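Below is one structure, written out as structure tokens; comments come after it.
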Amino acid sequence: MTILQYLKEKKSFLAYATVLFVFILVFLLTQPGNIMRLGDYHYLMFIYLCLTLFYLVVDYLKMNRFWRQINEVLTTNETLDNIAALPKGHSTQQKMFMRSFRQQVKNYHRYVSKSIDKDKEKQNYALYWAHEIKTPIIASKMILKDNKAVLPEKVYQQLLSEMNEVDRLTMQSLYFSRLDSFEIDYLITEINAERIVKDAIKRQATAFINKRIKLNINIPEIWIRSDSKWLSYVCDQIISNAVKYTPQGGEVSCCLEADGRQAKLMISDTGPGIPIEDHQRVFEKGYTGIQGRNTYKSTGMGLYLAKEMSKKLGHVLSLESIEGVGTTVSIIFETKEQYFMPENEKVY
């Protein structure tokens, strides 16, 4: 609190003190038989002003200290976990304010605690649902394969493709539910990038065949540092998007390049491309873009999850696209030496 703010706060008191002083002065001057000299009035004025100023200075220091303590607590402890750190207050008004403020903080903590518990319940249910739904999905695939001979080939492939899509979206729901608990469920090891990518391609084999998409793979045997399960999901999302947006007879390419500083996995398609104004927004949660809204069934979650998981794994996910030509999504993996470097010391 500045002095000017304090004086504005005390304008009623200053007006009262001024009126009182004038009243006393007029009262003394109008008294009959008054023998006070001019110097006495000056002395009285000086004493009155000193006492008033002394009160204002002391009161200002107390009030300023009170608000400064509150500001320090709010600055260093944004969530107000430690209510005891708040000052108690000096005046009755300040004490009443602090009692009310503490009660509001306690109510807020209770509300947050209940909200967290509800979110955990929803998350646990989503995890339970995702795990349980996997059983009928697998059973449906087995029944479909057992009856392949009695189904027309086109119908069989369409049903299998749809079942694979249901399986992928179920896994998307599962991984989204576990995104907040990522830190307790990952293991960074040296893994074979070629195996991860080829396994992801196999899971999209039906879609590749149905759309007669040409596949180009140029992935040397390079070992990278990551978590195999979470990285597999990131690759699944990117390759699934590439296949989804590539037209019949199009082409999807997977290329891995490496130098002494980093390895770079590039997954390209010959789809319609993405407008330049959407290049960053496609990584936002729920954003489907022009193509997703007009042409394809899109949840807007795939690239968002891929971006978030890549960030948590310490990888960099980027996108390049030209309308009418295609899109390339790249994952940059750090070398073993750089993986454990502080962020401000890394070199790209």
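The values are calculated or read from the model by the stated rules, or taken from the named source; none is laboratory data. Keep in mind the model is a prediction, meaning the values are calculated, not measured. Cβ placement follows ideal geometry from the backbone for every residue including glycine, while neighbour counts extend to all protein chains displayed. The area values use the complete protein model at the heavy-atom level, side chains included, leaving out ligands, DNA and RNA. Shrake-Rupley method; radii C 1.70, N 1.55, O 1.52, S 1.80 Å.
The table for this structure:
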| item | result |
| --- | --- |
| Verdict on residue 195 being closer than 24 Å to residue 165 by Cα and not in a helix (DSSP H, G or I) | no |
| The one condition in (1) over 21 Å from residue 17 (Cα atoms); (2) at pLDDT 70 or above that residue 44 fails to fulfil | (1) |
| Residue that is farthest from residue 177 (Cα to Cα) [pool: residues in the range 119-140 that are among the small types (Gly, Ala, Ser) and surrounded by 11 or more Cβ atoms within 10 Å (Cβ to Cβ)] | 140 |
| Residue 169 open to solvent by 50 Å² or more (accessible area, probe 1.4 Å) and not in a helix (DSSP H, G or I) | no |
| Close pairs from the range 102-119: first at negative phi and part of a helix (DSSP H, G or I), partner at pLDDT below 85 and among the β-branched types (Val, Ile, Thr), Cβ under 7 Å, at least 6 apart | 102/83; 105/83 |
| Pair list, Cβ < 8 Å and 6+ apart or interchain, from the range 250-262 residues that are touching a residue at least 40 places away in the same chain (Cβ under 8 Å) and within 28 Å of residue 212 (Cβ to Cβ) to residues that are open to solvent by 10 Å² or more (accessible area, probe 1.4 Å) and part of a loop (DSSP other than H, G, I, E, B) | 252/213; 252/270; 254/219; 256/219; 256/220; 256/222 |
| Total residues in the range 149-161, condition in contact with a helix residue (DSSP H, G or I) (Cβ under 9 Å, 6 or more places away or on another chain), of a type outside the set (Phe, Trp, Tyr) and open to solvent by less than 90 Å² (accessible area, probe 1.4 Å) | 5 |
| Count of the range 21-49 residues which are within 30 Å of residue 65 (Cα to Cα) and open to solvent by less than 60 Å² (accessible area, probe 1.4 Å) | 2 |
| Matching residues in the range 1-60 - criterion: being over 29 Å from residue 91 (Cα atoms), aromatic (Phe, Trp, Tyr) and touching a helix residue (DSSP H, G or I) at 6+ places or on another chain (Cβ under 8 Å) | 41 |
